[in-house]
Amino acid sequence: MDEENRQEVLDAEYTKNLEVLVKARTDQLIQAVSDNEQLLALLKQLQCMKSLEQVRDAINTVIRKFAPAETQPPKFGGEAGESVPEVDPDDLKAIWRIGKDDEASLQTGSEC
């Protein structure tokens, strides 16, 4: 495999890995925004409650809703056939190189 083909394979691999990470992070952000909107709506409802018992019950409901029974690891990647945002391979290479440079500087003890 010549250097150009090797670089194309590496570029494709970096592109795929970054697309997976971008998708996973986007999904996490969408979920966080949705959770924030729901929590804000519930807080507005609390303002209108007349008794402490209603407030206590509402708070317990919110806690049950937002506290998962068990934590699942985040799912990285999408489903087969789902579209992903287009990414410029040169941007991906640049990000990858920055990461590799950071790794190298940490291994050598350099801070800058």
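Taking K93 as the anchor, which lysines have their alpha carbon closer than 16 Å to its alpha carbon, excluding any fewer than eight residues away along the same chain?
The qualifying lysines are K16.
Provide the net charge surrounding D2, with neighbours chosen by a C-beta distance below 15 Å and charges set as Lys +1, Arg +1, Asp -1, Glu -1.
Here the count lands on -3.
Place a +1 charge on the Cβ of each Lys and Arg in the chain and a -1 charge on the Cβ of each Asp and Glu, then give the dipole magnitude about the Cα centre in debye, rounded to the nearest 20.
For this selection, approximately 1140 debye.
What is the sum of charges around L46, taking Lys and Arg as +1, Asp and Glu as -1, for the other residues whose C-beta is under 14 Å from the C-beta of L46? Mind showing how you got there, number by number?
On the way: positive: K44, K50, R56, K65; negative: E53, D57.
Overall, the nearby charge balance is +2.
What spacing in nm lies between the two simple spin-label points modelled at D35 and Q54, each 7 Å away from Cα in the Cβ direction?
2.8 nm
Put +1 on the Cβ of each Lys and Arg and -1 on the Cβ of each Asp and Glu in the chain; which of A94, L39, V55 then has its Cα farthest toward the positive end of the dipole?
Of the candidates, V55 comes out farthest on the positive side.
Tell me which label goes with the value of percent of Cα pairs over 21 Å apart computed from the coordinates here: (1) 47; (2) 53; (3) 63.
Answer by label: (3).
Given the options L42, L18, L52, state which has the largest fluctuation in a GNM of the chain using a 10 Å cut-off (strictly under) for Cα springs.
Largest GNM mean-square fluctuation: L52.
Can you tell me, using C-alpha contacts under 8 Å and at least 6 residues apart, the relative contact order of the chain as a whole percent?
Details: 38 pairs, mean separation 52.8, N = 112.
After rounding, I find 47 percent.
Please build a GNM for the chain, connecting alpha carbons under 10 Å apart, and tell me which residue among S51, S34, S83 fluctuates the most.
The residue with the greatest mean-square fluctuation here is S51.
Roughly what would the spin-label model give for T61 and L106, points 7 Å off Cα along C-beta, in nm?
4.5 nm
Within region 27-65, what residues put their amide N at less than 13 Å from the label point 7 Å along the Cα-to-Cβ vector of E82?
27-31
If the elastic network links every pair of Cα atoms under 10 Å, which of V55, V84, V22 fluctuates the most in the Gaussian network model of the chain?
Comparing V55, V84, V22 in a Gaussian network model of the chain, the most mobile one is V55.
Read the figures in this text as sums done on the coordinates, not as results from a lab. A quick note: this is a predicted structure, and the numbers were derived from the prediction, not measured. So basically every Cβ, Gly included, is an ideal-geometry build from the backbone, and we count neighbours across all protein chains shown.
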